[in-house]
1. List the pairs whose first member sits in the range 386-410 and is within 16 Å of VAL36 (Cβ to Cβ), whose second member is surrounded by fewer than 22 Cβ atoms within 10 Å (Cβ to Cβ), and whose Cβ atoms are under 7 Å apart, counting only residues at least 6 apart or on separate chains?
2. Looking only at the range 336-352, count every residue that is surrounded by fewer than 19 Cβ atoms within 10 Å (Cβ to Cβ) and among the charged types (D, E, K, R) and tell me the total.
3. State whether the residues of the range 118-129 include one that is free of Cβ contacts under 8 Å to residues at least 60 places away in the same chain, under 25 Å from VAL67 (Cβ atoms) and under 29 Å from the mean Cα position of the chain (by Cα).
4. If you check LEU27 against the conditions, is it at pLDDT 65 or above and touching a helix residue (DSSP H, G or I) at 6+ places or on another chain (Cβ under 7 Å)?
5. Look at the range 180-199 and say how many of its residues are in contact (Cβ under 8 Å) with a residue 60 or more places away in the chain and part of a strand (DSSP E or B).
6. If you scan the range 271-282, which residues turn out to be outside any strand (DSSP E or B) and buried (at least 20 other Cβ atoms within 10 Å of the Cβ)?
7. Answer yes or no as to whether ARG117 is more than 22 Å from THR244 (Cα to Cα), in a strand (DSSP E or B) and open to solvent by 70 Å² or more (accessible area, probe 1.4 Å).
8. Being modelled with pLDDT of 80 or more and buried (at least 23 other Cβ atoms within 10 Å of the Cβ) is the filter; apply it to the range 37-62 and report the residue that is nearest to GLU136 (Cα to Cα).
Amino acid sequence: MGRIWRGLTLGLKSLLLHKLRSGLTVLGIVFGVAAVISMLAIAEGSSRDAQERIRALGATNIIIRSVKPSDEAQATGGRPARILNYGIKYDDYERILATVPTIRKALPIREIRKGIRRLQYTLDGLVVGTTQDYAEFNHLEMERGRFLTAADNEKYQNYAVLASTTASTLFPYEDPVGQTVRLGSDYYTVIGVTKERASTAGVGGSLAAKDYNKDVYIPLNTCKVRFGERIINNRSGSMEAEETQLSQITLQVASIDLVQPTVPLIVAAYDKYHPKKDVEKTVPYDLLLEAQRTARQFSIILGTIAAISLLVGGIGIMNIMLATVTERTREIGIRRALGAKRKDITQQFLIETVVLSGVGGVLGVIIGIAIPQIIVYFIPDQKAFVTGSSVLLSFGISVAIGILFGLYPARRAAMMDPIEALRHE
């Protein structure tokens, strides 16, 4: 230990004799380590953000949605259909429940874009006809009052639960619970208000973004009776009619292991009844696996790019140490003449390269941790997460590069002939 300490002290003195050169050499390692950590942090943050959005859909859920088909698919006898009839039917819902035994829970949903009114206040929101399980499936919490119950649905109650933005817009100064709101031509008694919930971003092309804060929830049976299945829209002097029974069905199985076996059974239950391909499925578990695979590939690409910076820093260390060996040839000859062994010379130069790469690694870690925080501060939508493994990996690689690229100059110094070294001017 005493020999290593003396070697470390001597190495530091030698490096400090050329502060600028040593500092510039260290910068190569600093930037390389910082690049590796910050790039992997951004990749990890983006990956976790995407995976959290997918997990919010439920890893054990299978989502079936109505999709508006193309005009060609709806055309009858070469003419566009007067009434656009598409999507999931109640028969599909009953057939799926009857033929797929692995389904634990099912959530039918009917969504209708409507103006929600109360006195002079109006909000263009989404009327969601659903059942008591909607809050659990979509992680909604109540701010006041209660959510819908099975009895509300069975009794066709004119009850409504308002989302946070809907409630604050229609009732800016009052408690909404017990008040009434108008949906279409009917009035509904407000029985509860949900807490504000962060909007979900769209997941690739599989599922659109969803804003839960401008909704109003009513019993599905009430929705079926009050609004019917046919929606008529007047636009630019023309009339468009659409007929849809259910907008979405979310099916839940008991465990992740049952997701893959259940999907083909569900598809078989509805697919042959929808030749126009007006129904599509989304499997969050498949999306999650794909997001994880993409994240790994993205991290490998970014890590490789950043590792090149470390490699360049290592080449810089080798270049400087070779120049140092040439400058200190006479010193090496004197040390050998005084009895220093080759391993002592090798150790001396290796200590210097490890000091350079170690100092660069420590500074690089500090800067690499700070850069993602700065990026997140100025770009709040960007996510970044520094992992301990990326810090240890980057620092370890920086030290390894110091040893690897310092080994050749150290061996070259140790192999010098003492007599020739002493003659060097």
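The values are calculated or read from the model by the stated rules, or taken from the named source; none is laboratory data. What you see is a predicted model, and the numbers here were worked out from it, not measured in a lab. Positions of Cβ are generated from backbone atoms using ideal geometry, with glycine treated the same way; all protein chains shown enter the neighbour counts. Accessible surface is based on the protein model in full, side chains and every heavy atom, while ligands, DNA and RNA are left aside. Shrake-Rupley method; radii C 1.70, N 1.55, O 1.52, S 1.80 Å.
1. Pairs found: VAL386/ILE369; VAL399/VAL354; VAL399/GLY358; GLY402/VAL354; GLY402/GLY358.
2. 4
3. No, the range 118-129 contains no residue that is free of Cβ contacts under 8 Å to residues at least 60 places away in the same chain, under 25 Å from VAL67 (Cβ atoms) and under 29 Å from the mean Cα position of the chain (by Cα).
4. Working: at pLDDT 65 or above: yes; touching a helix residue (DSSP H, G or I) at 6+ places or on another chain (Cβ under 7 Å): no.
No: the conditions fail for LEU27.
5. Within the range 180-199, the subset in contact (Cβ under 8 Å) with a residue 60 or more places away in the chain is 180-184.
Among the residues that remain, those that are also part of a strand (DSSP E or B) are: 180-183.
Residues that pass the stated criteria total 4.
6. Just the residues of the range 271-282 that are outside any strand (DSSP E or B), to begin with: 271-278.
Selection gives ASP278 alone.
7. Numbers: more than 22 Å from THR244 (Cα to Cα): yes; in a strand (DSSP E or B): yes; open to solvent by 70 Å² or more (accessible area, probe 1.4 Å): yes.
Here the answer is yes, as ARG117 does meet what is asked.
8. Here the answer is ILE62.
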